[in-house]
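Quick notes on the structure that follows.
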């Protein structure tokens, strides 16, 4: 049996008539940029996040850049974030000329360690950028207390956390700005790139809207150097079809995650994500990531050499398990094999191994198991059975 890490085809089959009608409607209209589909989605998405304003843009990366620009963060400023995330989190900070300042994460939930944040605050600190990684929310009340104490802005990276809540309140509604990605594999995915910012502030919303269209408050008047970063009408139409399904899809993800937590909890050498202390939250499980360690595997006799040649380690239990699962038709993903602070692109920050020990250890241990709303009981049972057969 082949089990993919996620499947877009199954979702397409379920929504095919509605999606095709929506896309064809846009094509026949000839109105491909802006228009009713975009404004409808922005209003609906803002409502789902619990804020008055949402502005669509080209991608989650652009959402971060636009958010930083809207808050006038740039050269000479520092933005505090984590290194255990997708590269775009830090890349956006650098793109506006600011400096990313990395702190370590918690081993239990993979999220930014807020008790480390205060240690790195300097007169140049302007913003905290927490990442709601894998669909798990950061303690936003703690973030807001820190921001208030030190007069810092807050930008939430919600790229993997659409539908996630902290203390009953959606992520993206706590900080000055929330940044979302609609990359196809996200909880709410388009059929290409797409993103949005959310905010409670009308001036921020207007500034983002202008920056996303060449710094243009009205036609042919340019008050800032901006970008060409718009959510196009076809993507908005697709998202309008999918948004009403989001809550049900998250419930299905939670059922899958609960089965993993129940059936894999006693396997030696595999650690489950620990969310037991997080009451009042909604985890949206964009990924189900476990830690693999202390397993005496022998290297698999696999034909998958490209993995070893790219970044696999034949002595790393996580990497060996990944290959063994692949041999059984189970496809997994590593988020992330190299921490951002040790990426060659950030050699100029002069980080070295050991600077963020928890982050660096997680990058050697984490493995994402297949999870998506449409995964069948039989597919998940195959994943569980193979893991149990390997260890128990």
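Oblate is the label for region 155-196, because a/c, from the alpha-carbon gyration tensor with a ≥ b ≥ c as root eigenvalues, is 1.5 or above and a/b does not exceed b/c.
Cα gyration tensor of region 1-91, axes a ≥ b ≥ c as square roots of the eigenvalues: rounded (a/c below 1.5), prolate (a/b > b/c) or oblate?
Taking the square roots of the gyration eigenvalues as a ≥ b ≥ c, region 1-91 is oblate.
Only one item in [x] 0.97; [y] 1.12; [z] 1.01 matches Rg/Rh (Cα atoms, Kirkwood Rh) derived from the coordinates shown, and that item is [x].
Our helix-only sum for the chain, with -39,500 (n - 2.57) per DSSP H run of n ≥ 4 divided by its residues, gives a mean residue ellipticity at 222 nm of -11500 deg cm²/dmol. Rounded to the nearest 0.05, the FRET efficiency derived from the C-beta distance between residue 95 and residue 185 at R0 = 22 Å is 0.45. Of the DSSP beta bridges with both residues in the chain, give the percent that are antiparallel, rounding to the nearest 5. Given both bridge residues lie in the chain, the antiparallel proportion sits at roughly 60 percent. Segment residue 43..residue 389, full-extension length gain: 119.7 nm, with 0.36 nm per residue of separation and the alpha-carbon distance subtracted.
Once the Cα-Cα distance is subtracted from the 0.36 nm per residue extended length, the residue 214 to residue 27 segment shows a gain of 64.8 nm. Sorting 199-211, 74-86, 29-41 by average packing, meaning the other beta carbons within 10 Å per residue, from highest down gives 74-86, 199-211, 29-41.
Projecting label points 7 angstrom from Cα along Cα→Cβ for residue 221 and residue 118 puts them 4.7 nm apart.
Which FRET efficiency value, to the nearest 0.05, is calculated for residue 266 and residue 16 with the Förster distance at 41 angstrom and r the Cβ-Cβ distance?
0.50
The C-alpha atoms of the chain define a longest principal axis, and helix 233-242 lies at about 50 degrees to it.
Extension gain, residue 202 to residue 343, is 47.1 nm, computed as 0.36 nm per intervening residue step minus the present C-alpha separation. Taking Cα atoms only, the orientation of helix 246-264 departs from the longest principal axis of the chain by about 20 degrees. To the nearest ten degrees, helix 140-150 and the longest principal axis of the Cα atoms of the chain are 60 degrees apart.
Determine the relative contact order of region 9-245: mean sequence separation of Cα pairs under 8 Å and six or more apart, normalised by residue count, in whole percent.
So the answer I get is 26 percent.
Here, each number is a calculation from the coordinates, and none is a lab measurement. Given the structure is predicted, the values throughout are model-derived calculations rather than measurements. Here Cβ is always computed from backbone atoms with ideal geometry, including for glycine, and neighbour counts include all displayed protein chains.
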